[in-house]
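Before any comments, here is the structure.
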Amino acid sequence: MTKPSNPLCVALDTPDVARARSLARVLKPHVGFMKLGMEFFYAAGVAGYEAVAAEGMPIFLDLKLHDIPNTVKQGLTSLMRFRPAILNVHAQGGLAMMQAARAAVTGETKLIAVTLLTSLGDDDIWATGLDRARGTAAHAQALAQLARQAGLDGVVCSPPDLHGIRAVCGPDFLTVVPGIRPDQTDAHDQKRIASPQAARAAGADILVIGRAITGAADPARAAADILAGLS
Ligand code: C5P
C-alpha cells in the first residue's frame, strides 16, 4: 500500500447505522479511513456496512478473526464481498492460519495482523502465560515477524511496540496503531497509549482513533485539530 497521506482512521464504534453514517459524513474531510468493528458489524451487518461505505471512504473492517486456518480463510472469503481497504486477523492464530488468511485476501485489500492488544498492560500479558523474562516488546516483535513471514501487509500494534517492529519488519511493513490519546484525554480501557504526535514520530503509518474523536462535542473539530497537530 502506498502510505496514506492522511493517517487518521476513525473508529466508528456504535451499533447504530444512522449515527455511524452521520459521523462518516462529517468526518470525511478530516480522516483517511473509517474503521468498522465488531460493535457495528454484529449489529448492523451487510446493510450497515454498505450504508457507511456509500460515503466513499476507504474502510478498515476490523473483525480480528482468530480461529483455525480453514475457518478464517472461509470467513475472510465471505468478507471479501465488500472489498474493504483493510481486513485483519490475530497473529496469535499462528503461521498456518495467517497463510490461509493471505490466500483469501487478494487484490487491493490489505491484510494485517493484531500483535498484542493495546488494552493489555505488561501484567495482563504475562497473566496469559507469555514469558515475562522476554518482555512485551519481544513478543510483539515475534508476532509481527510471523505475520510478515505469512506474507501479510502489516500489523496492528501498540505505540510502545512500534520501534522494535519497524526494526525487524522494515520500512514498508504497514503499522496501524490504536491506543492513541491526545494529551489530556481519558485513556478509557486502553493501557499502552501515546499521543498522535508521539505515535507518528515512532513510525506509525495509520493512527486508529475512536472515542477521542467520536466522543468529542464536535467530532469534526476534534479530528481536524488532531490532523493539524501532526503537521
Ligand atoms: O476509542 P479508542 O480510540 O480507544 O478506539 C480504539 C479502536 O481500535 C477500537 O475500535 C478498538 O477495537 C480498536 N483496537 C484497539 N487495539 C487493538 C486493535 C484494535 O484498540 N490492538
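Scan segment 12-69 for residues that are aliphatic (A, V, I, L, M), farther than 20 Å from Ala220 by Cβ and within 13 Å of the ligand (Cβ to nearest atom) and the total you get is 4. Selection over segment 204-224 of residues that are buried (at least 16 other Cβ atoms within 10 Å of the Cβ), away from the ligand (no atom under 13 Å from the Cβ) and over 17 Å from Phe60 (Cα atoms) gives a count of 2. Checked against (1) within 12 Å of the ligand (Cβ to nearest atom); (2) within 14 Å of the chain's Cα centre (by Cα); (3) more than 19 Å from Gly93 (Cα to Cα), Val156 passes all but condition (3). Beta carbons closer than 8 Å, at least 6 apart along the sequence or on distinct chains, pair a first residue in segment 57-81 that is farther than 14 Å from Leu111 by Cα with a second that is open to solvent by 80 Å² or more (accessible area, probe 1.4 Å) for Pro69/Gln99.
Each residue in segment 178-201 was checked for being more than 8 Å from the ligand (Cβ to nearest atom), out of contact with any Pro (no Cβ under 6 Å at 6 or more places or on another chain) and within 21 Å of Gln141 (Cβ to Cβ), and 5 of them qualify.
Against the list (1) of a type in the set (A, V, I, L, M); (2) part of a helix (DSSP H, G or I); (3) in contact (Cβ under 8 Å) with a residue 24 or more places away in the chain, the condition Leu207 fails is (2).
In a residue-by-residue description of segment 159-179, the property of being surrounded by 17 or more Cβ atoms within 10 Å (Cβ to Cβ), at pLDDT below 95 and touching a Gly at 6+ places or on another chain (Cβ under 7 Å) applies to at least one position.
The set of residues in segment 2-29 being crowded, with 16+ Cβ neighbours inside 10 Å and at pLDDT below 95 consists of Pro4 alone. If you check Arg181, Arg200, Arg192, Arg166 for being out of contact with any strand residue (DSSP E or B) (no Cβ under 8 Å at 6 or more places or on another chain) and of a type in the set (Lys, Arg), only one passes: Arg192. Those helices (runs of 4 or more DSSP H) of segment 30-136 in which at least 2 residues are open to solvent by less than 20 Å² (accessible area, probe 1.4 Å), considering only elements entirely within it, cover 38-53, 69-79, 95-104. The single condition among (1) surrounded by fewer than 19 Cβ atoms within 10 Å (Cβ to Cβ); (2) aliphatic (A, V, I, L, M); (3) under 18 Å from the mean Cα position of the chain (by Cα) that Ala147 does not satisfy is (1).
The values are calculated or read from the model by the stated rules, or taken from the named source; none is laboratory data. These numbers come from a predicted model, not from an experiment. Neighbour counts run over all protein chains shown; Cβ positions are idealised from the backbone, glycine included. To get the accessible areas, we keep the full protein, side chains included, count just its heavy atoms, and leave off ligands, DNA and RNA. Shrake-Rupley method; radii C 1.70, N 1.55, O 1.52, S 1.80 Å.
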